[in-house]
Amino acid sequence: MKSTYKELVKIVSKRLLIVLALFQISRILFFYFNRGAFEPLSFKALLGGLQFDIAAIGYINLIFIAAHFLPGNLKYNDTYQKVLKIAFYAVNLIFVATNFVDFEYFKFTGRRSTFSLITASGMENEIGGLTISFLSEFWYIPLIFVALSILFWKLLGKVKLQKDTQKTTAKAIFKQSGIMILCVAVGLLMARGGFRKKPLRIVDAINYCGTINGPVILNTPFCILKTVGKKGDLKNPNFYKPEELDAIFNPVVETQPQGLPTKKNVVILILESFGDENIHQGYTPFLDSLITQSHYFKNGFANGKLSIDAVPSTLSSIPSLMNNSLISSSYSLNEIYGLPKILKDNSYKTAFFHGAFNGSQNFDQYCKVAGFEAYYGKNEYDGPEAFDGKWGIFDEEFLQYFSKQMSASQQPFFSTLFTISSHNPYTIPEKYKGKFPKGKTKIAESIGYSDYALKQFFKTAQKSSWYKNTLFVITADHTSSEPVEAKSKTNVGKFHIPILFFDPSNPELKGVDEKNFQQIDIMPSIVDYLNIKTKMVTFGKSFRSEKNFAVYYLDNIYHYVNNDFYMAFDGNKALSLYNFKKDELLKDNLLEKDKKTAQEMERFIKAYIQSFNKRVIDNKLTAK
């Protein structure tokens, strides 16, 4: 590398280090202005913050890294270098400025701003007045920013490169192109967070600290860049005033149990792709049998179409009402008070089990946010060799490991397990090939295997001391991807799943329940069943409630089931209304024929959406 290239490397390195220093100063100031909201920072947290800063700087400066090493002699031109310096300064300064905005804006949102800060609408008329008010009230922030901007420019210094006298031959251009590509590759490595399986994500901040300090670890430019083009950010529709909104739907529930807490163990089993279309078809003989011994919700509904949606719905009573899951959205670090924290506050030991590779579906990160004390994935599994070669540990062995861990746990405990074997590519152990019905779909055989694994789990569990003092809750995460029957392909059938409660010590908890019951109803139902006194935010309702609704979301459409009716709503108006009990294939649109029902349902779904959006946006998913 010629001396001119060494000079270029020094210039680029110096400039990036200066920006990195500005990011660190921004973090310190952010922490200072919001110090009351955070815990003391650990050394690990500071290192984590450094990683997020480097990633953001990598994203922002990829084009500048390439521009500094452009093949040919143009890069040695004085005018080119001046323009490049100004552009580098301006772009990086704009991103640094977004950190400054959050010095005060964080107090209102409780989280780092995302791309929605740039694309936000609805305040166009007020923005001028608000800007003036902000500048006058927090005059010291723009003053600090101006001072930092001046320092930034001074530190960049002047650039005077000696022109390379070497002729721009094809060989020289090829060599220079290789150097540029190598430098850009380094920038890309910075941007993705180093050598890791997945690029650095917002939710990864939880790996360096608790949820409280997450916003300090992150930086606003990173959050903005990570949410560009994503449609997960919500808007508050403002259909109703606060008092009217709460009168129609209020998710804050304060329980008033009549007796003492039962202190039963709780085990939730989330079965991969066990949609209703697989039940009573010969694929699930054990589950079919268990249903007859359980309180079975015949009209059970998933609150999402992906596995990643099922966990917050089931464990935290938060439905998936946006285009990307809460777990992977810009709201992934919102504070929540779901089953893990509620039961922990009632002296339960809590743990989550998922046989796939650690990090799969972001479940491990979400479990930290949700408040689980322990997470057991493929890495923690200790048992017979049972890797399926692609996805994780086969269900049979992992369920046995699950049972063993609970037997070793202090009671009462709350344990959740998410199965994996009935997930694409539907691999089952070689020794079971041909044992289970293949059916008409690719998934059928693996459903049969997972059902068998479930049977073996219950055989083992029955021998344990904790079995009879346990409430088992079984739900599918979502329906399978290849339904056969026409009714399973409708916007009702697509979400129809089995949900059941089984308590071996309570023969009264048995029978078929015709009410509409969804995953987000599981949390309040367990709290109710265990006689726990608490105050929580739940978008569902207890199985003992007279309410009879379910809400889910798909392809920008809200789907609302109430009593015998199903409505499709686009966020502003109702699109259709059907009596899904009588009209399984949803052929007869009753929107104009039954206006009274349509109006009542539209009123509720508007309030439900507004309440959900506002609480997620404002980070108010806890009842304080």
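Please work out whether segment 287-434 counts as rounded, prolate or oblate from its C-alpha gyration tensor, where a ≥ b ≥ c are the square roots of the eigenvalues and a/c under 1.5 means rounded, while otherwise a/b larger than b/c means prolate and anything else oblate?
Cα axes put segment 287-434 in the rounded bin.
If the only charges are +1 at each Lys and Arg Cβ and -1 at each Asp and Glu Cβ, what is the size of the charge dipole of segment 453-507 around the Cα centre, to the nearest 20 debye? Present the calculation step by step, with values, prior to reporting the outcome.
Details: 7 positive and 4 negative charges, 36 e Å.
With only Lys, Arg, Asp and Glu charged at Cβ, the dipole is about 180 debye.
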Can you list the residues, at least 5 places off or on another chain, whose amide H is less than 5 Å from the amide H of TYR375, using H built in the peptide plane?
PHE352
At 7 Å along the Cα-to-beta-carbon direction for both LEU189 and ILE144, put a label point, then send me their distance in nm to one decimal.
3.4
Solvent-accessible area of SER136, probe 1.4 Å, all protein chains present, reported in Å² to the nearest ten, please.
80
Placing each pseudo-label 7 Å from Cα in the direction of the beta carbon, SER407 and LYS463 end up separated by a distance in nanometres of 0.6
Karplus-derived 3J(HN,Hα), 6.51/-1.76/1.60, for each residue of segment 16-29, Hz, glycine and proline x
5, 5, 5, 5, 4, 4, 5, 5, 5, 4, 4, 5, 4, 5
Net charge of Cβ neighbours under 15 Å - reference LEU586; Lys, Arg +1; Asp, Glu -1:
+1
Round to the nearest 10 and report in Å² the accessible area of LEU260, as given by a 1.4 Å probe over the protein chains' heavy atoms.
150
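If you place +1 on the Cβ of every Lys and Arg and -1 on the Cβ of every Asp and Glu, how big does the dipole about the Cα centre of the chain come out, in debye to the nearest 20? Write down the numbers at each step before the final one.
On the way: 75 positive and 56 negative charges, 515 e Å.
Around 2480 debye, computed over the chain.
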Rounded to the nearest 10 Å², the accessible area of TRP391 using a 1.4 Å probe with every protein chain kept is 60
Of [x] 8; [y] 40; [z] 27, which is the value of percent of Cα pairs over 46 Å apart derived from the coordinates here?
[z]
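Would you mind counting up the charge near ASN469? Only other residues with Cβ under 13 Å from its Cβ, with Lys and Arg at +1 and Asp and Glu at -1.
Cβ neighbours under 13 Å give a net charge of +2.
Please report the antiparallel percentage of the DSSP beta bridges confined to the chain, to the nearest 5. Provide the component values of the computation, followed by the final result.
On the way: 29 of 57 bridges.
Close to 50 percent.
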Under the rule of at least 5 residues apart or a separate chain, name every residue whose amide H is placed under 5 Å from the amide H of ASN299.
PHE517
When only the heavy atoms of the protein chains count and the probe is 1.4 Å, how do TYR331, TYR283 rank by accessible area, highest first?
TYR283, TYR331
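Please work out the ratio of the alpha-carbon Rg of segment 266-330 to 2.2 N^0.38 Å and round it to two decimals. Don't skip to the answer; put the middle values down first.
Working: Rg = 13.7 Å, N = 65, 2.2 N^0.38 = 10.7 Å.
Dividing the Cα radius of gyration by 2.2 N^0.38 Å gives 1.28.
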Assign one of three labels to segment 477-624, namely rounded, prolate or oblate, based on the Cα gyration tensor with a ≥ b ≥ c the square roots of its eigenvalues; rounded applies when a/c is under 1.5, prolate when it is not and a/b is larger than b/c, and oblate otherwise.
oblate
Over the chain, average the accessible area per residue using a 1.4 Å probe and give it in Å², no decimals.
45
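Return the calculated 222 nm mean residue ellipticity for the chain, to the nearest 500 deg cm²/dmol, obtained by summing -39500 (n - 2.57) across DSSP H runs with n ≥ 4 and dividing by the residue count.
-13000 deg cm²/dmol
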What ³J(HN,Hα) values, in whole Hz, does the Karplus curve 6.51 cos²θ - 1.76 cosθ + 1.60 give for segment 335-341 when θ = phi - 60°, with x put for Gly and Pro?
6, 9, 10, x, 4, x, 6
Based on the alpha-carbon gyration tensor of segment 422-481 and its eigenvalue square roots a ≥ b ≥ c, which shape applies: rounded if a/c is under 1.5, prolate if not and a/b is larger than b/c, or oblate?
oblate
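Which entries of LYS378/LYS459; LYS44/LYS390; LYS10/LYS85; LYS198/LYS620; LYS494/LYS573; LYS264/LYS463 show an alpha-carbon separation above 26 angstrom in the structure shown?
Working: LYS378/LYS459 23 Å; LYS44/LYS390 32 Å; LYS10/LYS85 14 Å; LYS198/LYS620 30 Å; LYS494/LYS573 22 Å; LYS264/LYS463 17 Å.
The answer is LYS44/LYS390; LYS198/LYS620.
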So how do HIS354, HIS423, HIS280 rank on accessible area, 1.4 Å probe, biggest first, that is with the largest at the start?
HIS280, HIS423, HIS354
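How do ILE327, ILE308 stack up against each other in accessible area, from largest to smallest, with a 1.4 angstrom probe? It would help to have the intermediate numbers written out before the result.
On the way: ILE327 0, ILE308 25 Å².
Largest to smallest exposure gives the sequence ILE308, ILE327.
The values are calculated or read from the model by the stated rules, or taken from the named source; none is laboratory data. These numbers were taken from a predicted model, which means no experiment stands behind them. Quick reminder, even Gly has a Cβ in these numbers, built from the backbone with ideal geometry, and neighbours come from all protein chains shown. Heavy atoms of the whole protein, side chains included, go into the accessibility calculation; ligands, DNA and RNA do not. Shrake-Rupley method; radii C 1.70, N 1.55, O 1.52, S 1.80 Å.
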